[in-house]
1. Hey, which lysines would be in cross-link range of LYS164, C-alpha to C-alpha under 29 Å, not counting anything within fewer than 8 residues on its own chain?
2. Restricting to DSSP H runs of at least four residues, report the calculated mean residue ellipticity at 222 nm for the chain, -39500 (n - 2.57) per run over all residues, nearest 500 deg cm²/dmol.
3. Calculate how steeply helix 14-23 sits against the longest principal axis of the alpha-carbon atoms of the chain, using the helix alpha-carbon long axis, and give the answer as 0 to 90 degrees to the nearest 10.
4. Probe radius 1.4 Å, ligands and nucleic acids ignored: give me the carbon and sulfur share of the accessible area of segment 125-207 as a rounded percent.
5. Between segment 1-58 and segment 128-148, how far is it from one alpha carbon centroid to the other, in angstrom?
6. Just reorder PHE308, PHE217 by solvent-accessible area, largest first, 1.4 Å probe, all chains present.
7. How do ARG264, ARG134 rank by accessible surface area computed with a 1.4 Å probe, from largest to smallest?
8. So with the 1.4 Å probe, I'd like the accessible area per residue for the chain, rounded to whole Å².
Amino acid sequence: MSKYRVGILGATGTVGQRFCQLLENHPQFEITALAASDRSVGKAFSEACPWKLKTPMPASVSEMEVAPITPSLDCDIIFSSLPSGVARETEETFARAGYPVISNSSCYRMEEDVPLLIPEINPEHLALIDVQRRKRGFDRGFIITNPNCAVMSFAPPLAALDRKFGVKEAIITTFQAVSGAGYPGVASLDILDNVLPYIPGEEPKAETEAQKIIGKFSDGSIEKADFTVSAHCFRVNVVDGHTASVRVNLNETSTLEDVIDAMRSFPSAGLHSSPENFIEVREEPSRPQPRLDRNNGNGMSITVGRLFPDNIFDYSFVALSHNTIRGAAGAAILNAELLVEKGIV
Ligand code: NAP
């Protein structure tokens with residue numbers, strides 16, 4: 001089978017590097033274009049990219065010349081990992097030129113005609129693509145998005161609870177890794193020996209995205225799930241892996257066993273990059289931990305632990321996901337696999 005040719009916008013960045021790593025030897029996709037800023041354009045990828053991953057830069061991309069972010073790239077699908085200020089205009093330009101754009105940026109996530117997709121939870125939201133094409137006058141192109149990297153840690157367990165018992169409200173505190181800020185990211189003198197109680201722009205995303213993800217597609221739009229989230233987002237001295245502490249009230253009473261079962265039995269999407277267990281529930285008191293659990297399911301599982309009845313809320317738990325894999329490049333690749341499975345690309 002011939003592979004889909006993919007291009008990466010923001011290829012030299014933290015998420016762009018993950019795309020290169022995860023797409024090496026992918027059975028459905030091959031990288032044929034890499035694009036980044038004027039700083040990198042015209043250079044070989046190996047010269048332009050400050051490669052930070054433990055595995056070596058794939059030989060298939062190291063000599064590729066970095067292109068500008070203009071819609072003349074030699075590819076069938078665009079993965080975008082641009083800063084959101086640049087992404088808004090660029091992603092629309094690519095979609096208008098006929099490319100399917102799979103975006104990591106925040107700028108289109110909450111637009112009413114743009115799917116905010118997690119294949120295990122809301123594949124039916126892909127129906128928004130037709131709505132989007134009509135509304136924006138796109139012909140073959142479109143934009144789909146994956147969630148904020150911290151939302152990716154807690155939206156799946158909330159979806160599992162909402163499906164079975166209904167979520168009424170939640171208080172969420174995130175502990176986010178430094179790689180979530182890109183490279184070079186947070187200054188070492190700010191983060192070493194420290195916890196930063198503010199990540200610009202993060203709390204509104206944590207308070208709104210899960211309701212859209214868990215929402216129902218009906219009559220050409222998404223009816224958002226009817227629950228409230230209050231969030232605090234902290235930056236912590238961890239390299240990879242975002243942790244969330246969640247306290248939640250449910251609409252229906254339920255036993256702890258049923259709550260655990262709702263999470264463990266949440267089905268896999270059955271795609272190439274799907275983990276066997278979408279939500280892993282650990283019962284040891286000291287899990288999940290970023291260093292021990294971020295790579296569960298090749299970095300694609302959500303790990304939940306410390307799941308107990310709570311003194312004030314119905315239940316509390318801790319959830320963890322790998323921010324540059326399940327929270328970014330891996331999520332986008334899974335979305336692309338879903339597009340292929342559904343025959344949309
Ligand atoms: P990053 O490490 O700072 O990388 C940014 C990339 O964008 C680089 O390739 C950079 O190219 C390129 N770029 C910057 N300004 C540009 C411009 N004006 N024109 C063209 N290219 C430009 O950031 P990142 O962490 O990979 O994040 C990328 C996007 O993904 C952001 O929207 C972020 O919010 C989102 N995201 C990140 C994570 C995460 O865990 N890091 C998770 C989910 C979503 P040069 O190298 O040439 O400057």
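1. Cross-link targets: LYS205, LYS212, LYS216, LYS224, LYS342.
2. -8000 deg cm²/dmol
3. 80
4. Carbon and sulfur atoms account for 54 percent of the accessible area of segment 125-207.
5. Measuring centre to centre over Cα atoms gives 24 Å.
6. Descending accessible area places them as PHE308, PHE217.
7. So, going from the largest accessible area down, we get ARG134, ARG264.
8. Heavy-atom accessible area per residue stands at 43 Å².
The values are calculated or read from the model by the stated rules, or taken from the named source; none is laboratory data. Worth saying up front: this structure is predicted, and the values here are computed from it rather than measured. Note that we place each Cβ from the backbone using ideal geometry, even for glycine, and neighbour counts take in every protein chain shown. Side chains included, ligands, DNA and RNA excluded: accessible areas come from the protein's heavy atoms. Shrake-Rupley method; radii C 1.70, N 1.55, O 1.52, S 1.80 Å.
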